[in-house]
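The values are calculated or read from the model by the stated rules, or taken from the named source; none is laboratory data. Since this is a predicted model, take the numbers as computed values, not measurements. Every residue, glycine among them, receives a Cβ derived from its backbone with ideal geometry; neighbour counts consider all protein chains shown. Side chains are part of the model used for accessible areas, which takes the heavy atoms of the whole protein and leaves out ligands, DNA and RNA. Shrake-Rupley method; radii C 1.70, N 1.55, O 1.52, S 1.80 Å.
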Amino acid sequence: MKRHALSTRVWHWLNLLCVVVLFMSGLTISNAHRRLYWGDWGFAPEQAWLVVPRFPDWMTIPGYYSLALARDWHILMAWPFALGLLFMWLAMLGNRHFARDIATRRREWRPAAIWSDIRAHLRLDFDHGADKYNFLQKLAYGLVLGVILPMMVFTGIAISPGMEPSFGWLVDLLDGRQSARSLHFIFAFALAVFFVVHLILVILSGPIGQVRAMLTGGHHP
């Protein structure tokens with residue numbers, strides 16, 4: 001039996017490309033106006049709840065300041081990102097990957113069980129028996145797939161001027177366009193933190209085997 005289904009592997013690499021381009025082009029968009037606000041509007045410095053640092057050109061797409069080009073790249077990758085997430089959820093529900101491997105069980109929420117997983121991670125012990133993922137992995141993947149990625153899509157729709165006439169209800173639900181913009185940045189950086197932690201754990205747990213499994217599907221031990 002394959003460790004990773006074909007649908008998971010295709011989505012994983014497509015999503016990686018989308019997220020990298022979206023994040024780097026998003027940094028250019030952030031550089032255009034670095035203050036974040038809550039509510040329907042905001043512009044003045046005293047209204048901002050956060051001033052985002054200016055990001056260097058080497059971290060951005062297109063690699064120099066061009067708001068128009070950054071928006072083009074952002075929109076170009078937003079569609080495969082959103083449709084890819086929809087495809088992944090349909091695949092996970094269809095092949096029971098979510099119910100079987102990611103959904104947590106009541107026993108896993110016991111404080112003793114959670115603490116045991118934390119200690120195992122600190123010892124770099126990634127053995128989780130017959131389960132595909134341990135509790136911390138399930139929790140992280142569940143939050144990313146069920147909260148962070150969908151909220152990136154919803155908040156992105158809410159802050160897009162072309163979408164607002166049709167999705168005004170979504171803007172209202174998120175407490176205004178500036179609130180949606182703030183949430184978009186919060187979830188983007190939450191995803192960046194997950195990406196860094198995920199990369200570190202892949203390196204610590206054997207990068208060659210992990211990458212090979214995500215390319216070929218691998219096999220359950």
* Lys/Arg +1, Asp/Glu -1 at C-beta; the chain dipole; positive extreme among Ala112, Leu36, Leu170 -> Ala112
* Asked: Helix-derived [θ] at 222 nm for the chain: sum -39500 (n - 2.57) over DSSP H runs of at least 4, divide by residue count, nearest 500?
  -> -19500 deg cm²/dmol
* Could you run the Karplus curve 6.51 cos²θ - 1.76 cosθ + 1.60 with θ = phi - 60° over region 131-148 and give me ³J(HN,Hα) per residue in whole Hz, x for Gly and Pro? => 6, 6, 10, 8, 4, 5, 5, 4, 5, 5, 5, x, 5, 5, 6, x, 10, 5
* Read-out mean projected area of the Cα convex hull in nm², derived from the coordinates shown; its label in (1) 12.1; (2) 14.2; (3) 15.1 -> (2)
* Asked: Dimensions of region 38-124 along principal axes (Cα, Å, largest first)?
  -> 49, 35, 33
* the chain, accessible area per residue, ligands and nucleic acids excluded (1.4 Å, Å²) -> 59 Å²
* Structure fact -> A 1.4 Å probe over the protein heavy atoms gives the chain a carbon and sulfur accessible-area percentage of 70 percent
* With everything on Cα atoms, drop me the angle between helix 177-204 and the longest principal axis of the chain, reported from 0 to 90° to the nearest 10. => 30 degrees
* Mean shadow area of region 1-83, taken as a quarter of the surface of its Cα convex hull (nm²) -> 7.5 nm²
